[in-house]
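Trainee: Input: one structure, supplied below.
The values are calculated or read from the model by the stated rules, or taken from the named source; none is laboratory data. The shown structure was predicted, so the numbers you read here are calculated from the model rather than taken from an experiment. For neighbour counting, all protein chains shown are included, and Cβ atoms are generated from backbone atoms with ideal geometry for every residue, glycine included. Accessible surface is based on the protein model in full, side chains and every heavy atom, while ligands, DNA and RNA are left aside. Shrake-Rupley method; radii C 1.70, N 1.55, O 1.52, S 1.80 Å.
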Amino acid sequence: AGHAVRVAGNGAEAVLHYAETKYDLSFVDFRMPVMNGVDCFFAVRERYPDAKIVLMTGLTEAAVEQAVAAGALALLQKPFRMEDVVKIAGQNS
């Protein structure tokens, strides 16, 4: 869809990437090594309150709901369609 993408191998790496480049929109999976997606969300939002972050998960966990309540842009429940990702990206870029 013409969007530039950068992939992080884990949540801590994603936080470091965000410190280097302020992304228009970030998609963060809940289950990641080193730092989970919710902790990554809160670490980024603590430093950059206007960060637009979409959480992705196949789970229904209180931590995910807490992040959504704290301002996650959206929650993509797995399995999701690529059209859903493109739609969210188009609305928020």
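Trainee: Please list, or write none, the lysines whose alpha carbon is within less than 19 Å of the alpha carbon of Lys87, excluding same-chain residues fewer than 8 places away.
Mentor: Those lysines meeting the cut-off are Lys52, Lys78.
Trainee: May I pose another question? Roughly how big is region 1-84's charge dipole about its Cα centre, with Cβ charges of +1 (Lys, Arg) and -1 (Asp, Glu), in debye to the nearest 20?
Mentor: 80
Trainee: Now for a different question. Amide H of Leu76: which non-local residues (sequence gap of 5 or more, or other chain) have their own amide H closer than 5 Å, using H built in the peptide plane?
Mentor: Distant-sequence amide H within range of Leu76: Leu55, Met56, Thr57.
Trainee: Provide, in order from the shortest bin, the percent of all Cα-Cα pairs of the chain in each 5 Å bin, continuing until the bin that contains the maximum pair distance.
Mentor: 3, 14, 28, 27, 21, 7, 1
Trainee: Check the straight Cα-Cα distances from Lys22 and name the aspartates and glutamates below 17 Å, setting aside those fewer than 8 residues away within the same chain.
Mentor: Glu13, Glu46, Asp50
Trainee: Okay, moving on. In the P(r) worked out for region 1-47, what percent of Cα pairs fall beyond 16 Å?
Mentor: 29
Trainee: Moving on. Please report, as a whole percent, how much of the solvent-accessible surface of the chain comes from carbon and sulfur atoms (probe radius 1.4 Å).
Mentor: Of all accessible area on the chain, carbon and sulfur atoms account for 54 percent.
Trainee: On average, how much accessible surface per residue is there in the chain, in Å², for a 1.4 Å probe, leaving out ligands, DNA and RNA?
Mentor: Normalised by residue count, the accessible surface of the chain is 61 Å².
Trainee: Residue-wise, which Karplus ³J(HN,Hα) couplings in Hz belong to region 45-53, taking 6.51 cos²θ - 1.76 cosθ + 1.60, θ = phi - 60°, and x for glycine or proline?
Mentor: Result, ordered by residue: 5, 4, 8, 10, x, 8, 4, 9, 10 Hz.
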